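Novice: The structure's right below; bear with me while I get my questions together.
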Amino acid sequence: MTDRESTTCMRCAVGCGYRQRDADEGRGVVDVRGDEAHPTNGGSTCSRGVRETVDPGGERVTEPLIRRGGELRPADWDTALGTVAVRIIEALREGNDNVAVLGSGQQTNEAAYALGKLARGGFGTRYYDANTTLCMASAVRAYVQAFGSDAPPPTYEDVPEAETHVIWGANPKIAHPVLYRWIADSAGDGGELIVVDPVESETAADADLHVRPEPGTDLALARAALAAAVDEGLVDREFVERHTEGFEAMVGSLPDVDVAAETAGVPADRVSELAAAFDSRTLVYWGMGVNQSVQGTGTARSLIDLCLATGNLGPGSGPFSLTGQANSMGNRVCASKSSWPGYRAFDDVADRKAIAREWGVPMTRLPDSSGPGFVRIVDELARGNVDVCWTVATNPVAGVPDSGHVRAALEDGFLIVQDAFRSDTAELADVVLPAATWGESEGTVMNMERRVSRVTAAREPPEGVRRDVDIIGAVADRVVPELFESTRLDPEALFDEVAALTRGTTADFSGISYERLAEELAVRWPAPDADGEGGYRYYNEDDADPWSFRTDSGRARFSNASHEGVPEPIDAEYPLTLTTGRRPDAYNTGVRTRMDADGDGGETTARLHPETIADNLTAFDRGRTVVESRRSAVAVEATPDADVPPGLVWLPVHNPAANELTLSAADPESAEPNLKQCAVGLSAPDRGVADPVDERRASGADSLP
């Protein structure tokens, strides 16, 4: 048995430190325990993170596969990589945008950086994005618009200092258990916990106040709360006058409290209670219930506005978006996805010149736009405008709305899937490249409070499997051999390269190195030198003026967004609203945990209020019903649940059935899709209407050789 070494849990973005070692035969991939010396979690763990690290579940892909005669068949690495390279080279002859690349918040910083460098600097494509756009893009746009830079201002150190905790559109008791313990401890120690969620979630069940808006009306509720704060004299005039701009225009854009409250389906007195929460030292956390909306950016901006107007910026207070995937933050900083490394702007000529110079590529090859976003890239595939698509550690068939459309789009082109596990997307691939998973890879990640920490390998990948950076390097060597110095990319060298590119930027972590991380375990950026680390963003209590934002004026900016309705209202044909959420023991799109979450791994379970069932009794047969939207119909098991309000159908996000039904409308500012609300109806199960997931399984499409 080997000695334990430090690593980071990859289950969520809290960034807990582990001590790991290779597991005994038959006892999983690795053996882990909490790291008491780690500055993030001090040894705390959650059972889910430990369990899925030790035994990630799912069906591993252990050798390259190539589609021949309509079936995926084993191949050697040289053949698989040669096929990939030839198809990419052929596609690029028709134009840089003829290749799409889709990455993931599950990649390390090093792999994300290498993939972005290859996609942008090697291929020159605009059609590159990552699945982080599906969950965090609205928060990113809100931070940039309000503060001039991405990432939440607070850190975990602010959680125990807050007097009130407002959790909006998130269920951290399930999604971020370790962080939620800190929140609950603070709220229980003389504080207050307020939850905004249409559903009585596990987190909402603990709340002192639970506010339940109609799905899709979060912006109306946030503007109503902001108007109430203004009307009731809760504005911190001194903070607003000294450190913000646009306040009067914002006030002029606010709705009447009663009208907006009615739109949100919330009593006006509840709106006043919600506004009053910001009259103390308050942290407001939000998640996918806010971000995954056509009004996600506007809603996130409004939560920031509430903080600015009431002076809730500074230690123990402020806006704190909750990130889902372990390295969503690192993907935003390193991957050249929505910005160049270090949040350098795509449309800034000087930044593009600097990147071209460091990468040794012509500036004309670098796109001057970050592209249309994940969902619209799929649309370009569907239109036949992209011949080759390469997905890395992501499962768009299950995770992107209107998955029937996604499946058809991916089937039309040449699809390369790089993943560790069998997935819905891998079944459609022309080539599958087997990748390493947790406990088998080296690199770093960034958690949601901007801490960089190491990810280490306790064991080698299985024979026939390669690490992400090695696969990316091998493809680059065959397509653009001059881009990297070596075919076998070194994670530490990649880290040093991307860290150097952040020097002097708003996300400077040039003072962090593998050597420093070996000693300190985790360091929060900005960290421009080898000694210090970042704290509360934009704030320095030692300065005469402690606030300095990254806007042109140096002031934080208010917004004037207004609720414009949901993209798909209910009607007589589709009288119910579908929403989605997380289950306690499921992971992302369920590739590794769907069997645990859904019993036999097939038909999913819908939660409905007993009144909804009673009103639609003819649509049920022995506990089953069919949920129909304008895009598809899926058969589900139904369970009565009074925690779900009448008129709402709740499906787990981890089963692809949910996204058979959702619509692909997206926030025009962030390109994040409207995954949390669409109109549906119920009908009786019929042999002519089968669960598309079951149909694919019956046809053998869900099995690899």
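The values are calculated or read from the model by the stated rules, or taken from the named source; none is laboratory data. Treat the numbers as computed from the prediction; the structure is a model and nothing was measured. Cβ: placed from backbone, ideal geometry, glycine included. Neighbour counts: every protein chain shown.
Novice: Hey, any hits in segment 38-55 for a residue that's in contact with a helix residue (DSSP H, G or I) (Cβ under 6 Å, 6 or more places away or on another chain), touching a residue at least 12 places away in the same chain (Cβ under 8 Å) and among the hydroxyl-bearing types (Ser, Thr, Tyr)?
Specialist: Among the residues of segment 38-55, at least one is in contact with a helix residue (DSSP H, G or I) (Cβ under 6 Å, 6 or more places away or on another chain), touching a residue at least 12 places away in the same chain (Cβ under 8 Å) and among the hydroxyl-bearing types (Ser, Thr, Tyr), which makes the answer yes.
Novice: Let me ask something additional. Sort out which residues of segment 654-673 are within 11 Å of LEU578 (Cβ to Cβ) and either charged (D, E, K, R) or not in a helix (DSSP H, G or I) (or both), and write them in order of number.
Specialist: Across segment 654-673, the qualifying residues are GLU660, THR662, LEU663.
Novice: Now for a different question. Answer yes if at least one residue in segment 573-583 is of a type in the set (Lys, Arg), over 30 Å from ARG503 (Cα atoms) and surrounded by fewer than 21 Cβ atoms within 10 Å (Cβ to Cβ), and no otherwise.
Specialist: Of the residues in segment 573-583, the ones of a type in the set (Lys, Arg) are 582-583.
If we keep only those that are over 30 Å from ARG503 (Cα atoms) too, we end up with 582-583.
From what's left, surrounded by fewer than 21 Cβ atoms within 10 Å (Cβ to Cβ): 583.
Yes.
Novice: Would you be able to tell me the number of residues in segment 62-97 that are surrounded by fewer than 16 Cβ atoms within 10 Å (Cβ to Cβ), assigned to a loop (DSSP other than H, G, I, E, B) and in contact with a strand residue (DSSP E or B) (Cβ under 9 Å, 6 or more places away or on another chain)?
Specialist: 1
Conditions (1) aromatic (Phe, Trp, Tyr); (2) more than 22 Å from ALA420 (Cβ to Cβ), marked per residue:
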| site | (1), (2) |
| --- | --- |
| ARG450 | no, yes |
| ARG459 | no, no |
| ASP470 | no, no |
| GLU482 | no, yes |
| GLU485 | no, yes |
| VAL498 | no, yes |
| PHE509 | yes, yes |
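Novice: Among the residues of segment 65-89, count how many are closer than 14 Å to VAL475 by Cα and touching a residue at least 12 places away in the same chain (Cβ under 8 Å).
Specialist: The first filter runs over segment 65-89 and keeps only residues closer than 14 Å to VAL475 by Cα, leaving 77-89.
Filter again for touching a residue at least 12 places away in the same chain (Cβ under 8 Å), leaving 77, 79-85, 87-89.
So the answer is 11.
Novice: Which pairs have Cβ atoms under 8 Å, sit 6 or more apart or on different chains, and link a residue in segment 145-172 that is more than 23 Å from ASN327 (Cβ to Cβ) to one that is basic (Lys, Arg) and part of a loop (DSSP other than H, G, I, E, B)?
Specialist: Every condition considered, the pairs that remain are GLY148/ARG550; GLU161/ARG281; ALA162/ARG281; GLU163/ARG281; THR164/ARG281.
Novice: Inspect segment 171-181 for any residue being farther than 19 Å from ILE304 by Cα, of a type in the set (S, T, N, Q) and under 19 Å from the mean Cα position of the chain (by Cα) and give the result as yes or no. Talk me through it step by step, then tell me what you get.
Specialist: From segment 171-181, those farther than 19 Å from ILE304 by Cα are 171-181; that's our starting set.
Checking which are of a type in the set (S, T, N, Q) leaves us with 171.
Remaining after also requiring under 19 Å from the mean Cα position of the chain (by Cα): 171.
Yes, there is a match, as at least one residue in segment 171-181 is farther than 19 Å from ILE304 by Cα, of a type in the set (S, T, N, Q) and under 19 Å from the mean Cα position of the chain (by Cα).
Novice: Here's a follow-up. Counting only residues that are touching a strand residue (DSSP E or B) at 6+ places or on another chain (Cβ under 7 Å) and assigned to a loop (DSSP other than H, G, I, E, B), which one in segment 635-649 is surrounded by the most Cβ atoms within 10 Å (Cβ to Cβ)? Write out each step before concluding.
Specialist: At the first step, the residues of segment 635-649 found to be touching a strand residue (DSSP E or B) at 6+ places or on another chain (Cβ under 7 Å) are 635-641, 644, 647-649.
If we keep only those that are assigned to a loop (DSSP other than H, G, I, E, B) as well, we get 641, 644, 647.
Working: ASP641: 18, VAL644: 23, GLY647: 17.
Ranking the candidates gives VAL644 first.
For (1) in contact with a strand residue (DSSP E or B) (Cβ under 9 Å, 6 or more places away or on another chain); (2) at pLDDT below 95; (3) crowded, with 24+ Cβ neighbours inside 10 Å, each residue gets a yes or a no:
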site: SER104; (1), (2), (3): yes, no, yes
site: ALA112; (1), (2), (3): yes, no, yes
site: GLY122; (1), (2), (3): no, no, yes
site: ALA130; (1), (2), (3): yes, no, yes
site: VAL140; (1), (2), (3): yes, no, yes
site: THR155; (1), (2), (3): yes, no, no
site: PRO160; (1), (2), (3): no, no, no
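Novice: Say whether the condition of being outside the structural domain of ARG33 (by TED's automatic domain parsing), in contact with a Pro (Cβ under 7 Å, 6 or more places away or on another chain) and modelled with pLDDT under 95 is met by at least one residue in segment 168-179. Please lay out each step first, then the result.
Specialist: Filtering segment 168-179 down to residues outside the structural domain of ARG33 (by TED's automatic domain parsing) leaves 168-179.
After this cut, where a residue has to be in contact with a Pro (Cβ under 7 Å, 6 or more places away or on another chain) as well, the list is 174, 179.
Applying the additional criterion that residues be modelled with pLDDT under 95 yields 174.
Yes, because at least one residue in segment 168-179 is outside the structural domain of ARG33 (by TED's automatic domain parsing), in contact with a Pro (Cβ under 7 Å, 6 or more places away or on another chain) and modelled with pLDDT under 95.
Novice: Taking interchain pairs and intrachain pairs at least six residues apart, which have beta carbon atoms under 7 angstrom, with the first residue in segment 352-372 and on the phi > 0 side of the Ramachandran plot and the second surrounded by 18 or more Cβ atoms within 10 Å (Cβ to Cβ)?
Specialist: GLY371/ARG126; GLY371/TYR127; GLY371/TYR128; GLY371/ASP129; GLY371/ILE377
Novice: Further question: Could you please let me know if VAL61 is in contact with an Asp or Glu (Cβ under 7 Å, 6 or more places away or on another chain) and under 26 Å from GLU427 (Cβ atoms)?
Specialist: So VAL61 passes the test.
Novice: Right, next: Whether any residue in segment 254-267 is at pLDDT 95 or above, among the hydroxyl-bearing types (Ser, Thr, Tyr) and surrounded by 22 or more Cβ atoms within 10 Å (Cβ to Cβ) is what I want to check. Step through it out loud before you land on a result.
Specialist: Of the residues in segment 254-267, the ones at pLDDT 95 or above are 254-267.
Among the residues that remain, those that are also among the hydroxyl-bearing types (Ser, Thr, Tyr) are: 263.
In the following step, the residues that additionally are surrounded by 22 or more Cβ atoms within 10 Å (Cβ to Cβ) were identified as none.
The answer is no, given that none of the residues of segment 254-267 is at pLDDT 95 or above, among the hydroxyl-bearing types (Ser, Thr, Tyr) and surrounded by 22 or more Cβ atoms within 10 Å (Cβ to Cβ).
Novice: Continuing with this model, one more query. Looking only at segment 532-558, which residues are among the acidic types (Asp, Glu) and modelled with pLDDT of 95 or more? Step through it out loud before you land on a result.
Specialist: Filtering segment 532-558 for residues among the acidic types (Asp, Glu) gives 533, 541-543, 545, 552.
Hits for segment 532-558 are GLU533, ASP552.
Novice: Which one is surrounded by the most Cβ atoms within 10 Å (Cβ to Cβ) among residues in segment 346-373 that are within 29 Å of the chain's Cα centre (by Cα) and of a type in the set (Lys, Arg)?
Specialist: ARG352
Novice: Residues of segment 562-611 being of a type in the set (D, E, K, R), modelled with pLDDT of 60 or more and not in a loop (DSSP other than H, G, I, E, B), which ones?
Specialist: Filtering segment 562-611 down to residues of a type in the set (D, E, K, R) leaves 564, 568, 571, 573, 582-583, 585, 592, 594, 596, 598, 600, 603, 607, 611.
In the following step, the residues that additionally are modelled with pLDDT of 60 or more were identified as 564, 568, 571, 573, 582-583, 585, 603, 607, 611.
ARG607, GLU611 - these are the residues of segment 562-611 that are of a type in the set (D, E, K, R), modelled with pLDDT of 60 or more and not in a loop (DSSP other than H, G, I, E, B).
Novice: I would also like to ask the following. Out of all the residues in segment 385-408, which are within 10 Å of LEU102 (Cβ to Cβ) and assigned to a helix (DSSP H, G or I)?
Specialist: Selection gives PRO396 alone.
Novice: Right, something else. Of all the residues that make up segment 472-505, how many are β-branched (Val, Ile, Thr) and modelled with pLDDT under 95? Steps first, please.
Specialist: Just the residues of segment 472-505 that are β-branched (Val, Ile, Thr), to begin with: 472, 475, 479-480, 487, 498, 502, 505.
Keeping just the survivors that are modelled with pLDDT under 95 gives 487.
Adding up the residues that qualify gives 1.
Novice: Taking segment 148-168, which residues are of a type in the set (S, T, N, Q) and more than 26 Å from ARG270 (Cα to Cα)?
Specialist: Applying the first criterion (of a type in the set (S, T, N, Q)) to segment 148-168 yields 149, 155, 164.
Of everything in segment 148-168, those that are of a type in the set (S, T, N, Q) and more than 26 Å from ARG270 (Cα to Cα) turn out to be SER149, THR155.
Novice: Output the residues belonging to segment 409-425 that are at pLDDT 95 or above and part of a strand (DSSP E or B).
Specialist: Selection gives PHE414, LEU415, ILE416, VAL417, GLN418, ASP419.
Novice: Further question: Looking at segment 622-634, which of its residues are over 26 Å from ALA398 (Cα atoms) and in contact with a strand residue (DSSP E or B) (Cβ under 9 Å, 6 or more places away or on another chain)? Spell out how you get there, then give the answer.
Specialist: Here is the first cut: in segment 622-634, the ones over 26 Å from ALA398 (Cα atoms) are 622.
Correct list: empty.
Novice: Would it be correct to say that SER336 is modelled with pLDDT under 95, part of a loop (DSSP other than H, G, I, E, B) and closer than 16 Å to ALA130 by Cα?
Specialist: Judged against the criteria, SER336 is not a match.
Novice: Restricting to segment 563-579, name every residue that is over 25 Å from the mean Cα position of the chain (by Cα) and of a type in the set (Gly, Ala, Ser).
Specialist: Scanning segment 563-579 gives a single hit, ALA572.
Novice: Those residues that are surrounded by 13 or more Cβ atoms within 10 Å (Cβ to Cβ) and basic (Lys, Arg), I need them from segment 604-623; list them, please.
Specialist: Correct list: ARG607 only.
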